[in-house]
Amino acid sequence: MNTFQTIVLGIFGFFILAGLAVLATTKGRGGESQTTLVLWGAANASVIRELEESAFPRNLRLAYREISPELLDTELVEALASRRGPDIVLLPLELLLRHQDKLLLIPYANYSERQFKDTFIQAGDLFLTKEGIAALPFSLDPLLMFVNRDSFDEAGIASPPRFWDEFLLLAGRLTRREESGAIARSAVSLGEYRNISHAKELLAALFLQSGNALVSRDEAGAARAALSVSAAQSVLDFYTEFANPTKPLYAWNRSLPLSRAAFLSSRLAVYFGFGSELQELRKTNPNLNFDAASLPRPRGAEVGVTYGKLTGVALLGSTAHPSAALQAAHLLTGAEAAALVAKRLGLPPARRELLQAKPTDAFGGILFDSALRARGFLDPHPRRSDELLQTMVESVTSGKRRSSDALSRAESELRALLR
């Protein structure tokens, strides 16, 4: 960061602190004017309205626009290009690198790194930059393992797998084939990409479990490709073996329906999905007898890492109300707000102190444990990184490339995206 940027950041920090002091002073007088901030995000509008009514002072209001996750990136790019963007955005972690240069970072003088790490789950650390905090964690949706209880009972399997190597034995016991050899019921949706729900996030979790982040920050704070071919090859070999019809693990191919649909129709014993899908799975098929468990881990791993979809409250550099925007960010991510968001969305909170008391219901404890273990990665371009991972997997399953060659190509394309 050059001298000019340092001066600008210092000025922003001064005005933010001064603005907060003014807000606190005028609030006591009871006669201040109302500030309305424009907030964009994919969260349900009713949740934001409830947050505003319960946690915000009367002099600070939100004009919220709910935008679908698929359109948020495009809408944000177009709005900022025409200088009509919001003051605050509920920013998914996967969009951080694409929009970081448009954000107003929260200075560590205002919110220390120590305070941040003590307050929020570890997945939120990716919002920390050398210059300041890019966003305050708002919500987290962890990747879980859903299992068909009837399929497991029928096969005489008492409990879902805790370790990935258990699938080496379970695949043959849970997979059922027709006389023609076609798969009638699959043990697990691994091996392919295009018809596996959340294949990108599942692969990211497997790489992260092996200590192999796809993208990380270097000492200068810049994002760099961190896909180690040697460390990731065993992961990719394990993953793609489930799509190899010559292997005992064979359980999945491209002709099968999308894994979520297969699970809902009882044609899939193990489905990897997000915590937010729980209620929808129940609603779509009330007769489906399923349970949830933590994502399996490599045997010997001390921590069972999973993937988490993290959303943070980020301030836009174009806001005309930086102090009010910072106050709103704190209110939207405070303990009261975090508890309300978790309850309304059926997800674990992103704040550590709220994860101490685990729910007693069948799924709540799994969600809370998974929140503490959740991790993510700095995605340079969600759509294009999805495409390169699909190409990586399918080039192996089709026999076009060896896993080492496919990984080398993916790592090279990641570097190109980051440039």
#### Entry: Criterion (outside the structural domain of V38 (by TED's automatic domain parsing), among the β-branched types (V, I, T) and surrounded by 23 or more Cβ atoms within 10 Å (Cβ to Cβ)) met by exactly one of V188, V89
V188
### Summary
Given the conditions (1) at pLDDT 95 or above; (2) farther than 25 Å from A204 by Cα, every one holds for A79 apart from (1)
### Query
Is there a residue being acidic (D, E) and surrounded by 20 or more Cβ atoms within 10 Å (Cβ to Cβ) anywhere in segment 96-106?
no
### Task
Determine whether segment 101-121 contains at least one residue that is within 17 Å of the chain's Cα centre (by Cα), in contact (Cβ under 8 Å) with a residue 40 or more places away in the chain and closer than 23 Å to L326 by Cβ.
yes
### Task
Determine if segment 137-160 includes at least one residue that is of a type in the set (S, T, Y), touching a residue at least 60 places away in the same chain (Cβ under 8 Å) and surrounded by 15 or more Cβ atoms within 10 Å (Cβ to Cβ).
yes
### Task
Can you work out which of the residues in segment 309-336 that are at pLDDT 95 or above, in contact with a Gly (Cβ under 6 Å, 6 or more places away or on another chain) and within 25 Å of P382 (Cβ to Cβ) is surrounded by the fewest Cβ atoms within 10 Å (Cβ to Cβ)?
L316
### Message
Against the definition (closer than 23 Å to Q115 by Cα, buried (at least 17 other Cβ atoms within 10 Å of the Cβ) and either in contact with a strand residue (DSSP E or B) (Cβ under 9 Å, 6 or more places away or on another chain) or aliphatic (A, V, I, L, M) (or both)), how does A357 come out, yes or no?
### Response
no
### Task
For segment 338-349, state whether one or more residues are in the same structural domain as T35 (by TED's automatic domain parsing), touching a Lys or Arg at 6+ places or on another chain (Cβ under 7 Å), farther than 30 Å from T240 by Cβ and crowded, with 17+ Cβ neighbours inside 10 Å.
yes
### Task
Can you work out which of the residues in segment 261-276 that are under 20 Å from S370 (Cα atoms) and not hydrophobic (A, V, I, L, M, F, W, C) is surrounded by the fewest Cβ atoms within 10 Å (Cβ to Cβ)?
S276
### Message
Being touching a helix residue (DSSP H, G or I) at 6+ places or on another chain (Cβ under 7 Å) and either farther than 27 Å from A45 by Cβ or not β-branched (V, I, T) (or both) narrows it down to one residue among A123, A109, A81; which is it?
### Response
A109
### Query
For residues in segment 207-232 being assigned to a helix (DSSP H, G or I) and more than 14 Å from the chain's Cα centre (by Cα), which is surrounded by the fewest Cβ atoms within 10 Å (Cβ to Cβ)?
S230
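The values are calculated or read from the model by the stated rules, or taken from the named source; none is laboratory data. This one's a predicted model, so the numbers in the text were calculated from it and none came from an experiment. When we count neighbours, we look across all protein chains shown, and the Cβ atoms used for this are built from the backbone with ideal geometry, even at glycine.
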